[in-house]
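See below for the structure under consideration.
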Amino acid sequence: MQLNGCFLFMRRDIFQAIADPTRRAIITLIALQAMTPNAIATHFDSTRQAVSKHLKILTECGLVQTAQQGREIYYTLEVEKIKEIDQWLEQFRSIWATKFNQLDNLLDQLKN
């Protein structure tokens with residue numbers, strides 16, 4: 001988006017980022033250890049450029065951070081952002097638990 005000759009970049013949403021299976025796989029990889037883009041790219045059947053685009057999106061939404069070590073850039077998972085996803089999902093866990101308990105009760109009644 002451009003406004004008066006300046007470009008405005010909209011911050012990406014974490015849920016947009018995790019909607020893509022490749023980005024979820026990248027998150028899983030770097031949750032275990034910090035990795036360079038080249039190391040991440042070896043796990044996928046796509047170009048290094050495609051992996052870089054996914055990393056850019058993950059960085060823009062704050063799910064990953066970068067750290068420079070010598071010439072290499074390492075990507076690490078931002079755990080606090082993952083906690084935001086978990087907190088949002090928590091509301092559904094209680095609903096699902098209630099529904100499963102109701103189903104268990106119904107099955108017990110039918111069995112008796």
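The values are calculated or read from the model by the stated rules, or taken from the named source; none is laboratory data. All values reported here derive from a predicted model rather than from experimental measurement. Every residue, glycine as well, gets a Cβ built from its backbone with ideal geometry; the counts of neighbours run over all protein chains shown.
Scan region 69-107 residue by residue and report those that are among the charged types (D, E, K, R), in a helix (DSSP H, G or I) and more than 19 Å from R23 (Cα to Cα).
E90, R93, K99, D104 - these are the residues of region 69-107 that are among the charged types (D, E, K, R), in a helix (DSSP H, G or I) and more than 19 Å from R23 (Cα to Cα).
Go through A17, A25 for me and flag whichever is modelled with pLDDT of 95 or more, out of contact with any strand residue (DSSP E or B) (no Cβ under 7 Å at 6 or more places or on another chain), of a type in the set (G, A, S) and outside the structural domain of W88 (by TED's automatic domain parsing).
Only one candidate passes the filter, namely A25.
State all residues of region 14-43 that are in a loop (DSSP other than H, G, I, E, B) and either in contact (Cβ under 8 Å) with a residue 40 or more places away in the chain or small (G, A, S) (or both); if no residue qualifies, say none.
A19, A34
Report whether or not D86 is farther than 21 Å from I14 by Cα and either of a type outside the set (A, V, I, L, M) or at pLDDT below 90 (or both).
It is false that D86 is farther than 21 Å from I14 by Cα and either of a type outside the set (A, V, I, L, M) or at pLDDT below 90 (or both).
Six or more apart or on different chains, Cβ under 8 Å: which pairs go from a residue in region 44-62 that's touching a residue at least 12 places away in the same chain (Cβ under 8 Å) and at positive phi to one that's surrounded by 13 or more Cβ atoms within 10 Å (Cβ to Cβ) and among the β-branched types (V, I, T)? Could you list them?
Once the first residue is touching a residue at least 12 places away in the same chain (Cβ under 8 Å) and at positive phi and sits in region 44-62, its partners that are surrounded by 13 or more Cβ atoms within 10 Å (Cβ to Cβ) and among the β-branched types (V, I, T) give G62/I14.
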